[in-house]
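Working notes, structure below.
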Amino acid sequence: MKLIPNFVVLEGGDGSGTTSQISLLKDHFEKIPNPAFFPTFEPTDGQIGRLIRAALKKEIFLKPDTMAMLFTADRNEHLYSQNGIIERCTRGELVVCDRYVLSSLVYQGIECGDEVPLALNSRFPAPELLLYFDLEPAIAFERLKSRQSHEIYEYPEFQAKVREKYLALLGIYRESGARIEVIDASKTQQEVFSRVWSALSKMPIFKQ
Ligand code: TMP
């Protein structure tokens, strides 16, 4: 499997804090001239991503394998379109993405069985660095409780399966040479940020 240098992915169950860490990274990179930093997320805010969000919010109803295909189509655009992940990483930007292939293998694997998401995602390259935010589903759910409404995967039984599956699948990138680190997401935001920063700052892009 090919690997994309300068590409970092944050993964974890719902409520594990990946999105907050992207915000902290944005603030941090405002104070640093180099490298150029591009934060992003999946599902994206493109046309396909918006369709996925509507299904996540239960505004439309789609079959689980249709969801698997949509996540893959969204990812394909995200990676390969003009100014997409590949282009940016190739020209020396540091791209940090909230969720990527592993989210599909975990969430759609639970919904459709492993075969469908594995086949759909086998074409996508690995990130240089993958940070998995590990959190007890009970703690994650406490954090999610304050939200007004819950998306289709945000219920405790599903999230327990999500954690199990993440831990089982973390090794999947090992062959590609990707660096994989597990972060204890039960710590405070600042403590988690220190871990994220320490992992990121070891990347060759910071030594150029
Ligand atoms: P978010 O909470 O990080 O915005 O992600 C939205 C939801 O979409 C979250 O429950 C995880 C789910 N998801 C998948 O099921 N498959 C995927 O490939 C991706 C990227 C997200």
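At full extension, Ser198 and Arg174 could sit 6.6 nm farther apart than now, given 0.36 nm per residue minus the alpha carbon distance.
Which of rounded, prolate, oblate describes the stretch 97-138, given a ≥ b ≥ c as roots of the alpha-carbon gyration tensor eigenvalues and a/c under 1.5 marking rounded, otherwise prolate only if a/b is larger than b/c?
Details: a/c = 3.07, a/b = 1.13, b/c = 2.71.
The shape class here is oblate.
Straight-line cross-link partners of Lys26 among the aspartates and glutamates, defined as a Cα under 15 Å from its Cα and at least 8 positions apart when in the same chain: Glu93, Asp98. Only residues of the stretch 119-134 count here: report those whose backbone N is under 20 Å from the spot 7 Å along Cα→Cβ of Leu167, or say none. Answer for the stretch 119-134: 130-134.
Write down the Kirkwood hydrodynamic radius of the stretch 1-104, to one decimal in angstroms, obtained as one divided by the mean of 1/r over all alpha carbon pairs.
In the stretch 1-104 this quantity evaluates to 14.7 Å.
In terms of its alpha-carbon gyration tensor, the stretch 121-208 comes out oblate; a/c meets the 1.5 threshold, while b/c is at least as large as a/b. In the context of the full set of protein chains, residues of the chain present 50 Å² of accessible surface per residue (probe radius 1.4 Å, heavy atoms only).
Ranked by solvent-accessible area (1.4 Å probe, protein heavy atoms only, all chains present), the residues His150, His78 order from largest to smallest as His150, His78.
Carbon and sulfur: what percent of the chain's accessible surface (1.4 Å probe)? Exposed carbon and sulfur together represent 53 percent of the surface.
Stretched out fully, how many nm does the piece from Ile60 to Thr19 gain, at 0.36 nm a residue minus the Cα gap?
Numbers: separation 41, 0.36 × 41 = 14.76 nm, distance 2.44 nm.
Answer, rounded to one decimal: 12.3 nm.
Oblate is the label for the stretch 51-208. Its Cα gyration tensor axes, ordered a ≥ b ≥ c, give a/c of at least 1.5 and b/c at or above a/b.
Computed on protein heavy atoms with a 1.4 Å probe, the accessible areas place Phe38, Phe71 in the order Phe38, Phe71, largest first.
The amide H of Asn6, built 1.01 Å from its N in the peptide plane, has Glu128 as neighbours under 5 Å, considering only residues 5 or more places off or on other chains. Using the Cβ-Cβ distance between Glu142 and Val182 with R0 set to 22 Å, the FRET efficiency from 1/(1 + (r/R0)^6) comes to roughly 0.60.
The values are calculated or read from the model by the stated rules, or taken from the named source; none is laboratory data. Keep in mind that this is a model prediction, so the values were computed, not measured. Here Cβ is always computed from backbone atoms with ideal geometry, including for glycine, and neighbour counts include all displayed protein chains. Ligands, DNA and RNA are stripped out before the accessible areas are found, and what is left, the full protein with its side chains, is counted by its heavy atoms. Shrake-Rupley method; radii C 1.70, N 1.55, O 1.52, S 1.80 Å.
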